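The next block holds one structure in the form of structure tokens; read it before the comments.
The values are calculated or read from the model by the stated rules, or taken from the named source; none is laboratory data. Worth saying up front: this structure is predicted, and the values here are computed from it rather than measured. Here the Cβ positions follow ideal geometry from the backbone for every residue, glycine too, while neighbour counts run over all protein chains shown.
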Amino acid sequence: MLVFLGVVSTAVGSLGAPLLVTIADVDDVSLAASQWTLTISLLVGAVASPVLGRLADGPHRRPVILSATAVVCIGCVLSALPFGFGWLMIGRAMQGVGLGLVPLAITAARDALPAHRVGSGIALLGVTTAAGLGVGYPIAGFVTEYLGLAAAFWFGAAVSGVAFLLAVWLLPSSAARPRHRVDVTGAVLLGTWVTALLLVCSQGPDWGWMSPRLLGMLAAALVVLAGWTLWELRATHLLVDLRLLRHRSVLAADITVVLVGLGIYPLLSLVVRYVQAPTDSGYGFGASTLVAGMMLVPYSIASFAASKVIRRLLRRMSLETVVAVNCLVLIAAMVLFLTTRANLIMLLVTMTLAGFGVGCIFAVHPTQIVRGVPAEETGSATSFYQVLRYIGYSAGSALSATLLIGTVPAGEDTPTDTGYDAAAWFGIAALVVALAAATILSRGTSPAATDPRATLTDSERGAVAVKP
């Protein structure tokens with residue numbers, strides 16, 4: 001049930017990505033305006049995640065998960081109804097709440113699963129954020145092509161409704177857990193700097209990266225970030241305990257998720273856009289939305305496959321080393337895209353490699369965080385990790401879009417093939433930095449299978465009394 005919930009929330013939250021052109025046509029808005037149907041869900045997800053995570057660390061986990069899932073379902077219904085672009089935006093904002101459900105699912109798994117299944121369960125849940133993208137894109141493309149735009153959101157409402165009913169049936173209570181106060185001031189400050197930073201990333205191509213408006217927004221984001229950091233280091237009731245970053249495994253997960261998101265997330269939209277490019281542009285395959293979405297199926301399958309082999313890898317190497325090795329896999333995928341994308345088969349191979357590498361890394365990251373935080377901080381820590389992931393996603397998507405737009409000839413709307421080269425090189429550079437960070441942070445670590453904290457229950461972990 002938790003895996004299904006994670007896949008559905010990610011797939012629905014990313015539903016706008018393959019539909020941007022269709023939304024622009026149906027609602028008679030510009031492509032830049034339709035881009036906001038994706039941006040707004042990321043904004044809401046980034047702000048909602050830490051608040052939901054803190055609430056889920058207490059006795060209200062079950063009602064929080066049920067309420068968030070219901071909001072996603074209602075948001076899909078609003079997006080499907082013919083009320084116009086404004087209501088579509090409201091619906092997409094409500095769907096963004098679902099992007100905060102995966103950390104809640106990880107918290108529930110840590111408490112409810114038997115001790116010998118906690119590791120594999122958390123790893124599988126970590127993969128759902130990658131696999132959900134690969135599931136959502138082709139389904140959205142298929143439904144939209146044959147049944148129309150509204151049908152895609154009706155389908156989202158149906159699967160969200162099923163997820164809600166399964167959660168009602170199967171989700172255990174956490175009423176016995178201690179109550180936590182929500183740091184409202186910290187939540188407002190976090191929401192402010194995250195929103196400002198994501199606006200900088202998403203609007204950079206339109207506003208201009210050196211425009212006064214964008215630079216002012218960036219300066220405001222950094223100032224509020226500094227204020228939020230000071231607040232969280234001094235507050236009595238923390239939204240996010242930043243002191244946990246002193247633990248190497250938590251720091252490694254938070255740093256590498258930004259860099260991996262920055263480097264590999266743009267590949268999804270690059271591949272979809274490349275195969276849809278008209279053949280008279282000198283490249284591309286002129287494929288339909290359905291075919292373009294199907295290009296991501298290998299990505300999704302490989303992500304799930306990674307969750308099945310990750311335990312074998314962890315018998316031989318540490319969590320941090322697994323991340324470093326799979327950064328190499330992701331670099332190889334981007335190099336393949338750079339050099340062989342004119343061949344459709346090689347594009348499928350590229351997506352398979354990318355899915356496997358991302359699946360391994362995202363399977364390991366939650367375990368790194370769980371290993372470094374006490375049980376009562378799991379939801380908060382994993383939610384902050386989710387915020388950093390969205391920042392990496394948004395920055396990578398915006399910067400790669402800027403590189404593509406920069407090669408569009410005057411009077412045309414299709415970038416040249418060299419724009420894809422530039423975007424690929426940007427992704428490779430970000431992944432090389434991720435590899436360096438993961439390698440440095442893996443020094444002195446041991447295979448996860450020999451780490452007693454990776455398999456102990458909460459009570460046993462407390463008995464070991466290992467501190468960050």
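What residue, among those in the stretch 115-133 that are small (Gly, Ala, Ser) and within 22 Å of Gly75 (Cβ to Cβ), is surrounded by the fewest Cβ atoms within 10 Å (Cβ to Cβ)? Here the answer is Gly132. Note on the stretch 27-64: residues that are out of contact with any Phe, Trp or Tyr (no Cβ under 9 Å at 6 or more places or on another chain) and assigned to a helix (DSSP H, G or I) total 20. Screening Leu15 with (1) buried (at least 24 other Cβ atoms within 10 Å of the Cβ); (2) assigned to a loop (DSSP other than H, G, I, E, B); (3) more than 14 Å from the chain's Cα centre (by Cα) gives one miss only, at (3). Restricting attention to the stretch 206-234, the residues that are closer than 20 Å to Trp36 by Cα and modelled with pLDDT of 95 or more total 0. Screening Ala401, Ala332 for residues that are part of a helix (DSSP H, G or I) and surrounded by fewer than 20 Cβ atoms within 10 Å (Cβ to Cβ) leaves exactly one candidate, Ala332.
Restricting attention to the stretch 223-253, the residues being free of Cβ contacts under 8 Å to residues at least 12 places away in the same chain and surrounded by 14 or more Cβ atoms within 10 Å (Cβ to Cβ) number 1.
Looking at the stretch 236-243, is at least one residue among the hydrophobic types (A, V, I, L, M, F, W, C), in a helix (DSSP H, G or I), assigned by TED's automatic domain parsing to the domain that holds Ala395 and more than 17 Å from the chain's Cα centre (by Cα)? Taking every residue of the stretch 236-243 in turn, at least one turns out to be among the hydrophobic types (A, V, I, L, M, F, W, C), in a helix (DSSP H, G or I), assigned by TED's automatic domain parsing to the domain that holds Ala395 and more than 17 Å from the chain's Cα centre (by Cα). All told, Ala33 meets the bar of being surrounded by fewer than 24 Cβ atoms within 10 Å (Cβ to Cβ) and in the same structural domain as Ala105 (by TED's automatic domain parsing). Out of the residues in the stretch 371-427 that are in contact with a Lys or Arg (Cβ under 9 Å, 6 or more places away or on another chain) and of a type in the set (Gly, Ala, Ser), which is farthest from Leu319 (Cα to Cα)? Per the criteria, the residue is Ala424.
Could you say whether any residue in the stretch 386-397 is over 17 Å from the mean Cα position of the chain (by Cα) and either closer than 23 Å to Pro278 by Cβ or assigned to a helix (DSSP H, G or I) (or both)? Looking for residues that are over 17 Å from the mean Cα position of the chain (by Cα) and either closer than 23 Å to Pro278 by Cβ or assigned to a helix (DSSP H, G or I) (or both), one finds none in the stretch 386-397, hence no. Taking Ala363, is it buried (at least 20 other Cβ atoms within 10 Å of the Cβ) and in contact (Cβ under 8 Å) with a residue 60 or more places away in the chain? Yes: the conditions hold for Ala363. Taken over the stretch 405-440, residues that are over 22 Å from the mean Cα position of the chain (by Cα) and touching a residue at least 24 places away in the same chain (Cβ under 8 Å) amount to 7. Within the span defined as the stretch 407-416, every residue fails to be assigned by TED's automatic domain parsing to the domain that holds Ala287 and assigned to a helix (DSSP H, G or I).
For the stretch 145-171, taking the residues that are out of contact with any Ser or Thr (no Cβ under 6 Å at 6 or more places or on another chain) and surrounded by 24 or more Cβ atoms within 10 Å (Cβ to Cβ), the one that is farthest from Leu113 (Cα to Cα) is identified as Gly156. Evaluated against (1) touching a Ser or Thr at 6+ places or on another chain (Cβ under 6 Å); (2) closer than 29 Å to Pro205 by Cβ; (3) at pLDDT below 85, Ser397 falls short on exactly one condition, (1).
Summed over the stretch 305-327, residues that are more than 13 Å from Thr256 (Cβ to Cβ) and either assigned to a helix (DSSP H, G or I) or among the polar types (S, T, N, Q) (or both) total 11. Taken as a whole, the condition of being without any contact (Cβ under 8 Å) to a residue 12 or more places away in the chain, farther than 28 Å from Val21 by Cα and of a type outside the set (D, E, K, R) does not apply to Ser120. For Ser380, indicate whether it is of a type outside the set (Lys, Arg), assigned to a helix (DSSP H, G or I) and under 30 Å from Trp209 (Cβ atoms). No; evaluated as a whole, the condition is false for this residue.
Inspect the stretch 89-100 for any residue being more than 24 Å from Val21 (Cα to Cα) and crowded, with 24+ Cβ neighbours inside 10 Å and give the result as yes or no. Yes, there is a match, as at least one residue in the stretch 89-100 is more than 24 Å from Val21 (Cα to Cα) and crowded, with 24+ Cβ neighbours inside 10 Å. Between Phe164, Phe153, the distinction of being under 21 Å from Ala33 (Cα atoms), in the same structural domain as Leu104 (by TED's automatic domain parsing), within 24 Å of the chain's Cα centre (by Cα) and in contact (Cβ under 8 Å) with a residue 60 or more places away in the chain belongs to Phe153 only. Restricting the first member to the stretch 270-291 and to residues that are closer than 16 Å to Thr407 by Cα and assigned by TED's automatic domain parsing to the domain that holds Ser400, and the second to residues that are among the basic types (Lys, Arg) and part of a loop (DSSP other than H, G, I, E, B), the beta-carbon pairs closer than 9 Å and six or more apart or on different chains are Leu270/Arg341; Tyr274/Arg341; Tyr283/Arg341.
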